[in-house]
Amino acid sequence: MLTTMTSEPEQQIGVGTQDAFQRLWTPHRMAYIQGENKPTGPGADDGCPFCSIPAKSDEDGLVIARGEQVYAVLNLYPYNGGHLMVVPYRHVADYTDLTGPETAELGELTKQAMTALRAASGAHGFNIGMNQGAVAGAGIAAHLHQHVVPRWGGDTNFMPVVGHTKVLPQLLADTRAMLADAWPATR
């Protein structure tokens, strides 16, 4: 496991034959790979980032919008630029454990997220869904969260397929500000 990270490119001697390819370094992904910010257990007091985010400022927590029951936040490790999540404030793991008002507001904020992403970035489509449980792929299974991933025609290219790398053209703070500005006014 790597112990030191740098964002500066460096010459690496003896790592293979020189070729004409440039290297795209994504050292920020190591935090995810190494499990940084992962809860230590299933409880709300076990380091759940979704429980601590609401206490932060919108900018520091990457919160885009806040409702009464749920909030919208950028994903720290996005699949695409603008990838956000709609999260209940209450620490609950399963969709069936949501109250009626939580379910309704989760749906409403998902609709608002789609509207904002279309306005801000011209998204052509979306992947929307939840991974329920660790075996279903939930990175943080103890706290329910719904992903809203914007998609564009041709956004799947060689980078994720061959290089297992996503190219994100914008800093998360800039994406948060753009989406917060585009978020539709509530009725």
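What list of ³J(HN,Hα) couplings, whole Hz, do you get for segment 77-86 from phi and the Karplus terms 6.51, -1.76, 1.60, once you set θ to phi - 60° and write x for glycine and proline?
Karplus values, whole Hz, x for Gly and Pro: 10, x, 6, 9, x, x, 4, 10, 9, 9.
Using a 1.4 angstrom probe on heavy atoms only, work out the carbon and sulfur share of the accessible area of segment 37-137 in %.
53
Highest mean first, what order results for 126-132, 94-100 on Cβ atoms within 10 Å?
With the highest mean Cβ count within 10 Å placed first, the list reads 126-132, 94-100.
With θ set to phi - 60° and the Karplus curve 6.51 cos²θ - 1.76 cosθ + 1.60, what are the ³J(HN,Hα) couplings of segment 87-101 in order, to the nearest whole Hz, using x for Gly and Pro?
10, x, 5, 6, 6, 9, 8, 10, 4, 6, 8, 5, 7, x, x
Which ³J(HN,Hα) values in Hz, rounded to whole numbers, follow from the phi angles of segment 61-68 under the Karplus curve 6.51 cos²θ - 1.76 cosθ + 1.60, where θ = phi - 60° and Gly and Pro get x?
x, 6, 7, 9, 8, 10, x, 7
Search the structure for amide H atoms under 5 Å from the amide H of A65, placed 1.01 Å from N in the peptide plane, and list their residues when 5 or more places away or on another chain.
HN-HN under 5 Å from A65: A72.
The values are calculated or read from the model by the stated rules, or taken from the named source; none is laboratory data. If you're wondering where the values come from, they're calculated on a predicted model, not measured in any experiment. Glycine gets a Cβ as well: all are built from the backbone with ideal geometry, and neighbour counts include every protein chain shown. For the accessible areas, the whole protein counts, side chains as well, though only heavy atoms, and no ligand, DNA or RNA atoms are used. Shrake-Rupley method; radii C 1.70, N 1.55, O 1.52, S 1.80 Å.
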